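Participant: Dumping the structure here so I can ask a few things about it.
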Amino acid sequence: MAAANSAPERYGATLPALGEAKGVAAGLPDLLIEARRVAATVIAGWHGRRVAGRGENFWQFRQFASGEAAIAIDWRRSARDDHFYVREKEWEAAHLVWLWPDISASMDFRSRLARASKRDRALVITLALADLLGGAGERVGLLGESDPILAHNAAERIASFIARMTPRPPDTRRLRRFTDVVLVSDFLDPIADVEARLDAIVRSGARAHLVQVTDPIEETFPFAGRTEFEDPETGIRHVVTRAEQYRDDYLARLAALRDQLSLLCRRLDWTFLVHRTDRPASEPLLALHARLADRHALAGHQGGRAA
């Protein structure tokens, strides 16, 4: 169980990287179908966030305001009424969102209480988000693996890059100011390692959205009596005779980790979500939609005023 141990080095993978990549790729077709089903449950809420500004597509007519240039008047529409009207166009500054699912060995864990492994759930959330973003005309990319993609089939293209992805920390070198990055992981590394990676995002000026994916057993620690725990990253085994004696300490450490991550995200106006794999994948997707839509709308209004 990944949560029971504090892995000394999660990315010192014991499994061959090629085998890991093949294992991920084998399940992608089914996960892509599941991602599309999840995306369909929130797609109605993804639209309706348009704002006026520079662009080519018609958005709406509005009445001409005193002081505006006469060239802005749409004479064809105005001829049908007693008012002058201006044709507004939709703001089309495509936003860039980088995605990063954790596919390390600890994410492969699934207990009898879960609907899916942590890795599969992270991939479904990632692909569903790519599907929504691509359909909404946003640019998406797989952090450290692809260039930004602006296409309605973004989910399929992201899946093709995931199929070749190997377990490693997120590569933050391409992050820039005013971009967003969504990290989907269990975040059960030593807190110093997690903070070092997040500090790199802070320095880039990007805005991060963290989704911590956990198994129900990692949340409740229902073990008692003689129990053997294995670190999935290193293969190290640890046997205890009375596992229940560790429950309070384990839960306190998990709560402390979340408090640190939550505090950091609140201070930076980032997002921190906790998602259990016995819950629907649509729940974190809805929350991410709200945060990303707010970000896009703010940028659009600023651009509209500049126009």
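Any read-out appearing in this document is the output of simple, stated calculations on the displayed coordinates, not a laboratory observation. Owing to the predicted nature of the structure, the values given are computational and were not obtained by experimental measurement. Please note: Cβ atoms are built from the backbone with ideal geometry, for glycine as well, and neighbour counts cover all protein chains shown.
Participant: When every alpha-carbon pair in segment 152-214 is counted, what percent end up more than 19 Å apart?
Facilitator: Result for the distance tail: 41 percent.
Participant: If we sort 28-35, 138-145 on the protection proxy, mean other Cβ atoms within 10 Å, highest first, what's the order?
Facilitator: 138-145, 28-35
Participant: Any idea what % of Cα-Cα pairs in segment 148-271 are farther than 27 Å?
Facilitator: 35
Participant: Right, something else. If you take the beta carbon distance between residue 199 and residue 226 as r and set R0 to 51 Å, what does 1/(1 + (r/R0)^6) give as a FRET efficiency, to the nearest 0.05?
Facilitator: The formula returns an efficiency of 0.80 here.
Participant: For residue 290 and residue 259 in one chain, what is 0.36 nm times their gap in residues minus the Cα-Cα distance, to one decimal in nm?
Facilitator: Gain in length upon complete extension: 8.9 nm.
Participant: Ok, one more. Under the Karplus relation 6.51 cos²θ - 1.76 cosθ + 1.60, θ = phi - 60°, what is the ordered set of whole-Hz ³J(HN,Hα) values for segment 157-170, x standing for Gly and Pro?
Facilitator: 6, 5, 4, 5, 6, 4, 4, 9, 6, 10, x, 6, x, x
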